[in-house]
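Structure first, commentary second.
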Amino acid sequence: MEQKISAQEQPEREPLVSSTRGGNQQPHPSAGEEWRKEFPYPWNEDEVVTRRDTLHFLLAGSGALFLATGVLTIIGHLPSGEQVNAVPIARVGELAENAWKVFEFPDQYAQGILINLPGKGLVAYSDVCTHLSCAVTYQQESRQLHCPCHEGYFDAATGEVLAGPPTRPLPLIHIAVQDGIIYAVKQVPR
Ligand code: FES
């Protein structure tokens, strides 16, 4: 028979996990307090997270992500310091719109691909496919990077996978411009 608990008898705060599917267990009057002893969290000092707080958090997070994405595509100034391995890869104006070229970076054993992407400008990625390391090439019509080994496709604007077996985007290569020369300065695995 169903047993009802009056409002006065109910614990002040429901335990986080209190239901048992299909069972007929009744909550022990002190069950709501037992778990608090095991997890001594200072509830009185905790601030209540409102829906507005959550919304602000989500908006701030989206803004930060947007800015981070923008920063990734910005052509920076050539950084200085002994640790910097800046490799000249092209002259400014060398690539017509939608043209591309392959360059060696960070040494002769690895290559990157530089594209003058319509509407976006210069972007650079490692040309090593993230599936099984074949070299990708740029397809000017579709504006995608294509891996011929297993028909992998990447978005040239972001390096993200569009189709095929790869699961990770192409590593980004940061570029910088100084005195009319475009340099590759850093590869960022993703
Ligand atoms: S190596 Fe590029 S899709 Fe397999």
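Derivation of every value follows stated rules applied to the coordinates shown; laboratory data play no part. Predicted, not measured: the structure shown is a model, and the values here were computed from it. Neighbour counts run over all protein chains shown; Cβ positions are idealised from the backbone, glycine included.
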> Working out 0.36 nm times the residue gap between residue 109 and residue 91, then minus their Cα-Cα distance, what length gain in nm do you get to one decimal?
Replying inline: 4.3 nm
>> Rounded to two decimals, what is the ratio between the C-alpha radius of gyration of the range 107-147 and 2.2 N^0.38 Å?
In response: 1.20
>> To make sure I understand, if each residue's beta carbon is the centre and we count other beta carbons within 10 Å, what order do 179, 155, 127 fall in, fewest to most?
In response: 179, 155, 127
> Which FRET efficiency value, to the nearest 0.05, is calculated for residue 133 and residue 157 with the Förster distance at 30 angstrom and r the Cβ-Cβ distance?
Replying inline: 0.85
> Running Debye on the range 70-188 with equal point scatterers at the Cα sites and no solvent, what base-10 log of I(q)/I(0) appears at q = 0.22 Å⁻¹?
Replying inline: -1.27
>> Just to compare against my own numbers: the Cα pair-distance distribution for the range 127-190, 10 Å bins, whole % per bin, please.
In response: 23, 48, 24, 6, 0
